[in-house]
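The values are calculated or read from the model by the stated rules, or taken from the named source; none is laboratory data. Not measured: the values here are computed from a predicted model. Ideal geometry is used to build each Cβ from the backbone, glycine not excepted, and the neighbour counts take in all protein chains shown. To get the accessible areas, we keep the full protein, side chains included, count just its heavy atoms, and leave off ligands, DNA and RNA. Shrake-Rupley method; radii C 1.70, N 1.55, O 1.52, S 1.80 Å.
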Amino acid sequence: GASRPLLVGDMPFGSYQASTTDAIHNAVRLLKEAGMDAVKLEGGMEVVDTVRALTANGIAVMAHVGLTPQRASQLGGMKVQAKTADAARRLVADAVALEEAGAFAIVLEAVPAQVAALVTERLSIPTIGIGAGVKCDGQVLVVHDALGLSGAFKPKFAKRFVDLGPVIVEALRAYDAEVRAGTFPDEEHSFHMSERELASLERSDTRATPKAV
């Protein structure tokens, strides 16, 4: 991994839901074996006790509310969250509780910009937005989305700063065509022996000894 940035490992689904004991064990593995500096958990009030247990044991935790991809089916799909006043109040309460439990930052995903601004104002820890407007303290975007490598999948909040997908496909098709045509590798992309060594090789008996059956 990178050596200078803070590395946050996203805890996989099932690695922290069963018990706080499981969560601590798996989080420790993520830090020690993967070289992470912190872990990230998805969820609101339902993971507050887990966050509290992790931070009490010296594990830095980043929280994640709003659209939580690991729970997308439960949320009705990859949809914007906290669109109603009641849902927004619950999200703010979740964020406050997670901060009180010891989270050092919180991701706000796919929530109205006004709600994200309210959460950012209420919290003392940084908010990191993805599809949550410009008022968050920081922003994150999946690199595949930013580079246009996600095919037809294009969420509204995922701006494509360059469309590399078609360029990569074109390059691979060109490679395939040249290999099939026998034009690659060509002289420029091949290695050669010196004439002297080649002559020595041709003078020697290069026939392979038949393998025993």
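Structure notes:
- With contacts taken as Cα pairs under 8 Å at a separation of at least 6 residues, the chain carries a relative contact order of 12 percent.
- Nearest-0.05 FRET efficiency for Val169 and Thr21, computed from C-beta distance (R0 45 Å): 0.45
- Remark: segment 154-167, residue by residue, has Karplus-estimated 3J(HN,Hα) of 8, x, 4, 7, 8, 6, 8, 7, 7, 10, 7, x, x, 5 Hz, where x stands for each Gly or Pro and the curve is 6.51 cos²θ - 1.76 cosθ + 1.60 at θ = phi - 60°.
- In this structure, the amide hydrogen of Val107, modeled 1.01 Å from its nitrogen in the peptide plane, lies closer than 5 angstrom to those of Ala63, His64, Val65, Ile128, counting only residues at least 5 positions away or on a different chain.
- Cross-link reach is defined here as a Cα-Cα straight distance under 18 Å, omitting same-chain residues fewer than 8 places apart; for Lys83 the lysines meeting it are Lys135, Lys156.
- P(r) weight above 23 Å for segment 43-137, C-alpha pairs, percent: 17
- Point-charge dipole on Cβ atoms (K/R +1, D/E -1) for segment 1-141, about Cα centre, debye to 20: 220
- Phi angles of segment 62-76 translate, via the Karplus equation with coefficients 6.51, -1.76, 1.60 and θ = phi - 60°, into HN-Hα couplings of 9, 8, 8, 10, x, 6, 10, x, 5, 10, 4, 4, 5, 8, x Hz per residue; Gly and Pro are given as x.
- Neighbour net charge for Ala97 - beta-carbon separation under 11 angstrom, K R +1, D E -1: -3
- Annotation: lysines with alpha-carbon distance below 28 angstrom to Lys32 (same-chain offsets under eight excluded): Lys40.
- Here's how it looks for Gly9: its modeled amide H is under 5 Å from those of Asp37, Ala38, Val39, Lys40, which are all 5 or more places away or on a different chain.
- For Lys79, a cut-off of 13 angstrom between C-alpha atoms picks up these aspartates and glutamates, skipping any fewer than 8 places away in its own chain: Glu109.
- The share of accessible area on segment 1-157 that comes from carbon and sulfur is 56 percent, using a 1.4 angstrom probe.
- Put simply, the Cα atoms of the chain extend 85, 38, 37 Å along their principal axes, the longest span coming first.
- In order along segment 5-20, phi translates into HN-Hα couplings of x, 6, 9, 10, x, 7, 5, x, 4, x, 8, 9, 7, 5, 6, 5 Hz, rounded to whole numbers, per the Karplus curve 6.51 cos²θ - 1.76 cosθ + 1.60 with θ = phi - 60° and x for Gly and Pro.
- Full extension of the chain between Leu6 and His192 yields a length gain of 62.3 nm, computed as 0.36 nm times the residue separation minus the alpha carbon distance.
- For the chain, the solvent-accessible area of protein heavy atoms averages 65 Å² per residue (probe radius 1.4 Å; ligands and nucleic acids excluded).
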